[in-house]
Each structure stands twice: as structure tokens, then as C-alpha cells.
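Taken together, the values in this text are just the output of simple stated rules run on the coordinates, not laboratory data. This structure is a prediction, so every number in the text was calculated from the model and none was measured. In this analysis, Cβ positions are derived from the backbone assuming ideal geometry, glycine residues included, and neighbour counts consider all displayed protein chains.
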Amino acid sequence: MFGFDPSFFGSLVQVIFIDLVLAGDNAVVIGLAAAGLAPDVRKRAILIGILAATILRICFALVTTQLLSLGGGLLVAGGLLLLWVCWKMYRELTVPESDQHDAEEALADADLNADGSIAGKGRKKTLRQAVTQIIIADVSMSLDNVLAVAGAAQHHFEALIFGLALSVVLMGVAATFIARLLHRFRWIAWIGLIIILFVAVRMVYEGADQLLGYTLPHIPFVYSGGHAAPAH
């Protein structure tokens with residue numbers, strides 16, 4: 001039973017960290033995009049962004065898990081995409097403190113630092129501009145999330161379903177809280193980044209092994225190796 005499989009619990013822990021970090025990052029991106037909006041439309045933009053991210057995660061989950069099962073080439077491509085995600089996350093983790101504050105204030109719709117303004121000073125944009133920016137970011141980050149969860153779950157279907165369901169719940173219910181949590185405890189985001197980097201490297205290695213006919217060596221705690229189809 002999967003309940004006694006140590007690799008299942010390892011995959012589950014990775015999935016939870018990935019969901020926390022990517023849901024928080026997505027929320028920060030939405031908050032930054034909405035930060036330049038007038039107060040009366042800011043909430044609408046944030047709601048649109050979170051709903052879009054939730055729907056996109058469901059749609060990509062239905063497609064991506066099937067694609068990743070097709071062969072090594074797609075695993076390599078998915079792993080390379082996640083390496084790009086790691087680079088994006090690293091850049092986001094080093095953004096200025098003022099930008100993080102603007103995102104938090106926009107998501108909370110409150111003057112958290114008591115400076116007399118909410119989410120930016122003097123920057124204005126239209127609802128259409130903000131929503132366009134949010135949707136573009138949602139497409140990329142939702143695909144990133146589904147790929148990372150699928151890669152971390154490996155062949156544990158239960159962990160995959162749990163991870164995808166958790167990502168939808170987090171974006172739909174707790175995105176604002178998670179964004180503030182990650183800002184306060186940055187080490188959680190850094191651990192998430194390391195886990196996603198590990199998943200990306202493993203996906204590339206596993207995909208390359210499949211393409212090369214399962215000739216690459218076994219790596220303890222990373223990749224247990226595949227098995228070529230028996231000769232007839």
C-alpha cells in the first residue's frame with residue numbers, strides 16, 4: 001500500500017512545498033500587477049487573477065500529466081522549463097522590498113506600512129492593462145506549477161492528485177495569506193526553490209535516460225533508473 005512507501009511521503013512533502021511557494025509567487029505577481037490600479041478596481045483585478053490562475057491549473061493538469069507520460073523528450077522539455085522557473089523564482093526572491101510591500105498591500109487592500117497610500121505611490125494603469133498582465137503571468141505560472149507537481153509526484157498517482165487539488169485550493173482560498181507568509185519567512189521560498197531545482201534536474205535526467213535506452217547510471221535518492229523493454 002502506498003501508505004507505507006517512503007518515496008510516496010517524500011514526493012508528498014515536495015509537492016506541498018512546491019504548491020506553497022508557487023501559489024505564493026503567483027499571488028505576488030497578481031498583487032504587483034494590481035498595485036497601480038485605482039482602489040475601486042483593484043479588488044476586481046485581483047479576483048480575476050486568482051480565478052484565472054485556479055481555472056488554468058485545472059486545465060493544464062488535465063493535459064500536462066498525459067503529455068509527461070508520452071516519453072523522454074517531453075520529460076526533458078518539462079525539466080528545462082522548470083530550470084527556467086527556478087531562474088525566475090531566484091529573481092523574484094531578490095526583488096526590492098518596496099515591490100514586495102506594494103504586492104502585499106494590493107492583496108490585502110490595506111495600508112500595511114502606514115505611509116498614507118495603498119500599493120504604490122502615483123502609479124496608475126487601466127483595469128485592462130492589469131488583467132492582461134495578470135493573465136499572461138497566470139498562464140506561465142500555472143503551467144509551471146502543474147509541471148513541478150507532476151515531476152515531484154513521479155509515479156505516485158495519489159500524490160499527484162493531492163498536489164493538483166492543493167494548488168487549486170491554495171490559489172482559490174489562501175493565496176493572499178501565503179504571499180504574506182512567504183514574505184515574512186523567506187526561507188520557505190528558498191527551500192521551495194531548491195526542491196523545484198531538484199525536480200527539474202531529475203526530470204531532465206530521467207527523460208535523457210529514456211531517450212538513450214535506459215543506459216544512464218542509477219543515482220541514490222535521486223533517480224532509481226528505468227528498465228528497457230524486454231527483447232522479443
*Got a sec to turn the phi values of segment 25-33 into Karplus ³J(HN,Hα) couplings, 6.51 cos²θ - 1.76 cosθ + 1.60 with θ = phi - 60°, whole Hz, x for Gly and Pro?*
4, 4, 5, 5, 4, 4, x, 5, 5
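Sorting check: for 129-140, 24-35, which peptide has the highest mean count of neighbouring beta carbons within 10 Å, and how do the rest follow? All intermediate terms of the calculation are to be shown ahead of the outcome.
Working: 129-140: 18.4, 24-35: 27.1.
Put in order of decreasing packing, that is 24-35, 129-140.
Suppose R0 equals 22 Å. What FRET efficiency, 1/(1 + (r/R0)^6) with r the Cβ-Cβ distance, do THR132 and TRP87 give to the nearest 0.05? Don't jump to the answer; show the numbers that get you there.
Numbers: r = 24 Å, r/R0 = 1.07.
The pair THR132/TRP87 has a calculated efficiency of 0.40.
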*Kindly state, to the nearest 0.05, the FRET efficiency for LEU47 paired with ARG184, given R0 = 25 Å and r defined as their beta-carbon distance.*
0.55
